[in-house]
1. VAL125's amide H: which non-local residues (gap 5+, or another chain) put their own amide H closer than 5 Å, with H modeled 1.01 Å from N in plane and none for Pro or chain starts?
2. Could you work out, for segment 18-169, what percent of all Cα-Cα pairs fall into each 10 Å distance bin, beginning at 0 Å and stopping at the bin that holds the largest distance?
3. Give me the number: length gained by fully extending ASP104 to ASN124, i.e. 0.36 nm times residue separation minus the C-alpha to C-alpha distance, one decimal in nm.
4. Return the long-range amide H neighbours of THR81 (sequence gap of 5 or more, or a different chain), with a cut-off of under 5 Å between placed amide H atoms.
5. Assigning unit charges at the beta carbon (Lys, Arg +1; Asp, Glu -1) and nothing else, what dipole magnitude in debye, to the nearest 20, does segment 18-169 show about its Cα centre?
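Read the figures in this text as sums done on the coordinates, not as results from a lab. No experiment lies behind these values; they were computed from the predicted model shown. Methodologically, a virtual Cβ is constructed for each residue, glycine included, from the backbone with ideal geometry; neighbour enumeration extends over all protein chains shown.
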Amino acid sequence: MSQPFDLRSLFTQFPPQTKRKIFASYHHQGDQQYYNAFTTTFDDTYDIIFDNSMERRVDSDNVNYVLQRIRDTFISGTSCTIVLCGLETPWRKYVDWEIKATLDMEHGLIGVNLPTNRASASGNVIVPDRLHHNIQSGYAVWTNWTAFTQSAAAVKSLIEQAVNRSPKQIVNDHPMMARNGTPPRRM
């Protein structure tokens with residue numbers, strides 16, 4: 001007589017794949033089309049969280065309160081933050097604050113250069129300062145839009161690289177931006 005099939009043993013041998021939770025940071029007015037393309041393509045693979053524009057969601061001038069809300073409401077529970085770097089991204093204070101909150105929590109960080117991003121006179125692309133410092137330190141993963149969106153496997157590889165980087169490489173002492181369009185300053 002055959003043994004009854006034990007479904008529980010099958011689940012312990014092959015645990016279900018869980019979707020990684022990803023936070024997407026971007027300039028909503030300028031780069032919404034890229035966010036939409038990313039979520040349309042990868043929504044079945046990842047739980048993608050976004051802030052629906054921090055300026056509309058958190059009605060406060062208290063920087064510490066807003067930063068805490070970013071951490072608690074959007075970054076907490078995620079594995080990684082993906083920063084879509086377009087034309088205006090380097091000068092958006094909430095993008096800077098979202099990167100800071102990500103680094104405070106030692107989550108993975110990926111910068112994606114969008115086709116709309118401009119290059120400096122020396123040919124280097126311009127990204128938020130806090131992201132730049134972490135690309136330079138080796139903590140943040142840097143890629144371009146074409147490579148990033150080529151396949152779910154490519155995105156998964158980049159996310160796994162980001163979440164497995166050593167927190168010892170984090171550089172998060174850069175002053176927070178005080179307002180949009182201005183260089184960062186101490187608050």
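1. Here SER120 satisfy the definition.
2. Histogramming segment 18-169 at 10 Å steps yields 11, 45, 37, 7, 0 percent.
3. Separation in residues times 0.36 nm, less the Cα-Cα distance, equals 4.5 nm.
4. Those lying under 5 Å, H to H, from THR81 are PHE23, GLY108, LEU109, ILE110.
5. 280
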